1. Modelled with pLDDT of 95 or more, aliphatic (A, V, I, L, M), within 16 Å of the ligand (Cβ to nearest atom) and crowded, with 19+ Cβ neighbours inside 10 Å - does that describe any residue in the stretch 50-57?
2. Take the conditions more than 10 Å from the ligand (Cβ to nearest atom), part of a loop (DSSP other than H, G, I, E, B) and over 13 Å from the mean Cα position of the chain (by Cα) and apply them to residue 182. Does it pass?
3. Can you tell me how many residues within the stretch 136-145 are in contact with a Gly (Cβ under 9 Å, 6 or more places away or on another chain) and assigned to a loop (DSSP other than H, G, I, E, B)?
4. Restricting the search to the stretch 344-363, which residues are buried (at least 24 other Cβ atoms within 10 Å of the Cβ) and either free of Cβ contacts under 8 Å to residues at least 60 places away in the same chain or among the small types (Gly, Ala, Ser) (or both)?
5. State all residues of the stretch 122-135 that are in a helix (DSSP H, G or I) and surrounded by fewer than 20 Cβ atoms within 10 Å (Cβ to Cβ); if no residue qualifies, say none.
6. Considering only residues that are more than 16 Å from the ligand (Cβ to nearest atom) and surrounded by 14 or more Cβ atoms within 10 Å (Cβ to Cβ), which ones fall in the stretch 79-92?
7. Considering each residue of the stretch 192-210, count those that are crowded, with 24+ Cβ neighbours inside 10 Å and either small (Gly, Ala, Ser) or within 12 Å of the ligand (Cβ to nearest atom) (or both), and give that number.
8. Which count do you get for residues in the stretch 146-161 that are within 16 Å of the ligand (Cβ to nearest atom), touching a strand residue (DSSP E or B) at 6+ places or on another chain (Cβ under 9 Å) and not in a strand (DSSP E or B)?
Amino acid sequence: MNAPAKPRPMPWIMEIAPYVPGRSKTDDGRKAIKLSSNENPLGTSPAARAAFAAAADNLERYPDASGTELREALAQLHGLDPARIIYGNGSDEVLHLAAGAFAGPGDEIIYVNYGFSVYPIATRRVGATPVVAPDSDYATDVDAILACVSEKTRIVFIANPNNPTGTYAAREEIARLHAGLRPDILLVLDHAYAEYIEGKIDDGGMELARTAPNVLVTRTFSKLYGLAAERIGWGYASAEIIEAMHRIRLPFSITIAGTAAAIAALGDTAFVEHTRTHNAKWRRWFADEIAKLGNAGLRAVPSQANFILVLFEGALTAEAAYKGLMDAGYIVRWLPGQGLPHGLRITIGTEDETRAVAGILQRLVADARDSAAG
Ligand code: PMP
């Protein structure tokens, strides 16, 4: 007898490995200090929190579907054309909109090995084929990406700085990548962590998005602005690219409260600067502490983001360090599913948290050395 008929998902949908979010509880259910999702350890701007609370007066109303106030605030701060700004439920949605508007079955989308885990999801969701470019010691390798381009390539996704490696491709490299791509290929430069780059240098991405017809830059309020809960992301590109993406956007993808908080956060430059300075200081400190454990096989991949990828190539394995940190109440990100069974991605926390994580790793290194010797 035939099996009863039932709805069948598109075959490419079943090839998606579901997104794995950062954990906030230990294996035995204890609430832990969460350094697994690259959130802002200093919280949220007080001005943003006040704006969010005030929005509770209007819960019965739909948000402004055209995001006018948010676009105008962003345009003013960054010197952009508000008509060329797209926004979405986190920059995740903007990345999905790019794939949805510019690729489909039979097309190829390129991203790097150890790239952001939403790219494969966004690629497969539209039926396109992922093409993974090899890395160069965990960093983005422009020549390897260009070598992956075929006549089917429609999009290249690059996060700069990259997640989960924290590595940064310099302006000249991004310019070389752009110059090497056919003009019909959309280059998506994901700037989720761009505000954390030392010295406030930039990779020239926004300038390319302003001037080139095939570059989309995406940004987020989830990291530096401490508003991950409210899911506000945005992007900038040519009017044609933005117009195509708007056609498939959910009409009310950003909320009134989130928008109000985001606009207030843009104005709180003291909080933004405090976050940036804090991160730079403790990122450097933490990398130095890991360097001291170099003879035990630990290595910090150079990071320009708000996290550090630590590689474990000695007696202490990444898995054992992950469990040891969890036992001590700290959750970081172990990434065996992303080809990094030997790596932990650790968000830069508060001073106390960062010092504690370094101390726990020192202890775990010593324990592993003792048990190897014993
Ligand atoms: N891009 C990168 C590289 C990220 O790491 C993240 C967050 N994990 C995002 C985009 C999406 O962030 P959001 O949707 O919160 O804007």
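1. No, the conditions are met nowhere in the stretch 50-57.
2. yes
3. 2
4. 344, 349
5. Residues of the stretch 122-135 that are in a helix (DSSP H, G or I), as a first pass: 122-125.
If the condition is that a residue be in a helix (DSSP H, G or I) and surrounded by fewer than 20 Cβ atoms within 10 Å (Cβ to Cβ), then 125 is the only one that fits.
6. Scanning the stretch 79-92 gives 80, 82, 84.
7. Number of matching residues: 6.
8. Residues meeting the conditions: 1.
The values are calculated or read from the model by the stated rules, or taken from the named source; none is laboratory data. These numbers come from a predicted model, not from an experiment. Heads up, the Cβs are rebuilt from the backbone with ideal geometry, glycines too, and the neighbour counts pull from every protein chain shown.
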